[in-house]
Amino acid sequence: MFLSVLDVFKVGIGPSSSHTIGPMVAAARFLDRLRASPFKAHGLRASLHGSLAFTGVGHATDRAVILGLAGMDPQTYDAQVAEAHLARIAASRTVSPAGLGALSFDPETDLIFDYDRPLAGHPNAMILMATDAQGDVIDSQTYYSIGGGFVRTEEELAAGEEIDTGPEIPFPFHTAAQMLEMAQRSGCSIAEMKRHNEVTRIGRPHLSRGVARVWEVMSDCIDRGLHSTQSTLPGGLEVRRRAPAIHAALLAERGSNMPPPHQVNDWISVYAMAVNEENAGGGQVVTAPTNGAAGVVPAVLRYWLDHVPGARADRVEDYFLTAAAIGGLVKHNASISGAEAGCQAEVGSASAMAAAGFAALMGATPEQVENAAEIALEHHLGMTCDPIRGLVQVPCIERNGLGAIKAVAAASIALRGDGTHLVPLDACIETMRQTGADMSEKYKETSLGGLAVNVPNC
């Protein structure tokens, strides 16, 4: 199944791609279903299950469902409009999506957090329902938010991989081994192969504009995070933003004759933390491949552009294409969902993507790029997803900083070799999948274990 770079990197809002963007996408799909239905709906109802229930409030899932049913879209989200919608819905107990008129919906009673009934398809599950004038359900659809803002209905998930009906792509690799074999046979880099695939499906102009937009949003997000005047993140943990102060200190140290040799790590991590503090605050971010891991990929690219001699802006597309190729392999063969496989699937995947992209920018061969991705992912294996109070703050923000540092270190190690290594990326991805399957549910974005229960959160 072809996965575009613009599917991997999607503009959305924080704090979570699976818990915020996904439910909004599911709501939009359900509204489209109702618009095409011969039945007249008078009201709406929603129930959240599994991880969407357990960490839904901390991840703003309740707000996402309400706003999604009101017709708001994550890519065009406006915070002021959203707050006005929420206030009106709370007062009127109705939503008014385009083409459907006013529908009864009381957030207090029609949005149900069902903690006792997980659904079989995926830990991130929700059921959207339409009711008649008597309140009886006349239509319903189960949706699964499978990570990175991707959504599948119950039927789509049961059917397995979607049928790919688009034009045949020139480099249809589904494993890293296939990717390397095609690169060797064609003489193309990973970015070049991915570019040929993208152009076949979406065209060169759309690709260029899309990637430019992705980097614009990412870079703006870094800058907002570095210069934010908001001191404390929302949610009740009273977590303070640290990126602005760290950035100011780093700028002051630039005039020093002998800056600390480890300072480069601080630059890499502060870029990532800036993004994830913005994400935690509900700001505009890009899935990379998820919101919880949104800081790693942009941090490494900003580090390359601003700190590495010889960096050129015209290479940015190569970075994203290479990173997307690796992200696609992980999603296709394992998972990018923290609720399904823990944080190894989110920050681990992001670190592998960034390591591959950075290695490519530094002149790596395809074999070295694959090695860089493997090193980065291998050293995130087993990482749990245990956010305190269900907020995408602790340990998520720092994990992005460390994931970015690991990505650069992994690429550096790979570049010191010739691409020959013991553990193939495919084996590492499969190990991550198996580890996620074996991991206790309490360590997979439920806030029922780990730091979430061992650190006082009130």
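Checking G101 against (1) surrounded by 23 or more Cβ atoms within 10 Å (Cβ to Cβ); (2) within 18 Å of A28 (Cβ to Cβ); (3) among the small types (G, A, S), only one condition comes out false. Which one?
Only one criterion in (1) surrounded by 23 or more Cβ atoms within 10 Å (Cβ to Cβ); (2) within 18 Å of A28 (Cβ to Cβ); (3) among the small types (G, A, S) is unmet by G101, namely (1).
With the condition kept exactly as written, say whether any residue in the stretch 70-82 is under 19 Å from V137 (Cα atoms) and within 23 Å of the chain's Cα centre (by Cα).
no
Write out, first by first residue and then by second, each pair whose Cβ atoms fall under 7 Å of each other, whose residues are 6+ apart or on separate chains, and whose first residue, in the stretch 108-119, is in contact (Cβ under 8 Å) with a residue 24 or more places away in the chain and more than 22 Å from A70 (Cβ to Cβ) while the second is among the β-branched types (V, I, T) and assigned to a strand (DSSP E or B).
L119/T142
Among the residues of the stretch 296-319, which ones are β-branched (V, I, T) and either crowded, with 24+ Cβ neighbours inside 10 Å or not in a helix (DSSP H, G or I) (or both)?
Across the stretch 296-319, the qualifying residues are V296, V297, V300, V308.
Here is a yes/no grid of residues against (1) in a helix (DSSP H, G or I); (2) in contact (Cβ under 8 Å) with a residue 60 or more places away in the chain; (3) hydrophobic (A, V, I, L, M, F, W, C); (4) more than 27 Å from V81 (Cβ to Cβ):
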residue	(1), (2), (3), (4)
N257	no, no, no, yes
P261	no, no, no, yes
V264	yes, no, yes, yes
I268	yes, yes, yes, yes
A272	yes, yes, yes, yes
V275	yes, yes, yes, no
A288	no, yes, yes, no
A294	no, yes, yes, no
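Kindly indicate the residue of the stretch 58-92 that is in contact (Cβ under 8 Å) with a residue 60 or more places away in the chain and either of a type in the set (G, A, S) or over 19 Å from V25 (Cα atoms) (or both) and also surrounded by the fewest Cβ atoms within 10 Å (Cβ to Cβ) among those meeting that condition.
A79
Does any residue of the stretch 145-152 turn out to be within 29 Å of H49 (Cβ to Cβ), surrounded by fewer than 21 Cβ atoms within 10 Å (Cβ to Cβ) and at pLDDT 95 or above? First the steps, then the outcome.
Pass one, the stretch 145-152, residues within 29 Å of H49 (Cβ to Cβ): 145-152.
From the residues that got through so far, the ones that are surrounded by fewer than 21 Cβ atoms within 10 Å (Cβ to Cβ) too are 152.
Applying the additional criterion that residues be at pLDDT 95 or above yields 152.
Yes - at least one qualifying residue is present in the stretch 145-152.
Going through G187, G210, G166 one at a time, which residue ends up being among the small types (G, A, S), touching a residue at least 40 places away in the same chain (Cβ under 8 Å) and in the same structural domain as N371 (by TED's automatic domain parsing)? Lay out the reasoning, then the answer.
Numbers: G187 fails: touching a residue at least 40 places away in the same chain (Cβ under 8 Å); G166 fails: in the same structural domain as N371 (by TED's automatic domain parsing).
On inspection, the qualifying residue turns out to be G210.
E378: within 22 Å of G235 (Cβ to Cβ) and surrounded by fewer than 23 Cβ atoms within 10 Å (Cβ to Cβ), yes or no?
Here the answer is no, as E378 does not meet what is asked.
Does G357 qualify as being touching a strand residue (DSSP E or B) at 6+ places or on another chain (Cβ under 8 Å) and either crowded, with 24+ Cβ neighbours inside 10 Å or part of a loop (DSSP other than H, G, I, E, B) (or both)?
no
Outside any helix (DSSP H, G or I) and not basic (K, R), is that true of T322?
no
Going through T420, T435, T431 one at a time, which residue ends up being among the hydroxyl-bearing types (S, T, Y) and farther than 18 Å from E340 by Cα?
Working: T435 fails: farther than 18 Å from E340 by Cα; T431 fails: farther than 18 Å from E340 by Cα.
Result of the check over T420, T435, T431: T420.
Which residue pairs have Cβ atoms closer than 6 Å, lie 6 or more positions apart in sequence or on different chains, and pair a first residue in the stretch 126-144 that is under 10 Å from A26 (Cβ atoms) with a second residue that is assigned to a loop (DSSP other than H, G, I, E, B)?
Short answer, once both residue conditions are applied: Y144/G121; Y144/H122.
Looking at Q184, Q230, which is the one that is surrounded by fewer than 18 Cβ atoms within 10 Å (Cβ to Cβ) and over 30 Å from L402 (Cβ atoms)? Walk me through how you get there before you give the answer.
Working: Q230 fails: over 30 Å from L402 (Cβ atoms).
Being surrounded by fewer than 18 Cβ atoms within 10 Å (Cβ to Cβ) and over 30 Å from L402 (Cβ atoms) holds for just one of Q184, Q230, which is Q184.
Within the stretch 83-92, identify whether any single residue is more than 23 Å from S51 (Cβ to Cβ) and of a type in the set (D, E), and answer yes or no.
Within the stretch 83-92, one or more residues are more than 23 Å from S51 (Cβ to Cβ) and of a type in the set (D, E).
Would you mind finding the one in A177, A191 that is surrounded by 15 or more Cβ atoms within 10 Å (Cβ to Cβ) and modelled with pLDDT of 95 or more?
A191
Can you name the number of the only condition in (1) touching a Gly at 6+ places or on another chain (Cβ under 9 Å); (2) farther than 29 Å from N276 by Cβ; (3) aliphatic (A, V, I, L, M) that A102 fails?
Only one criterion in (1) touching a Gly at 6+ places or on another chain (Cβ under 9 Å); (2) farther than 29 Å from N276 by Cβ; (3) aliphatic (A, V, I, L, M) is unmet by A102, namely (1).
The values are calculated or read from the model by the stated rules, or taken from the named source; none is laboratory data. What you see is a predicted model; the values in this text were computed from it and never measured. For neighbour counting, all protein chains shown are included, and Cβ atoms are generated from backbone atoms with ideal geometry for every residue, glycine included.
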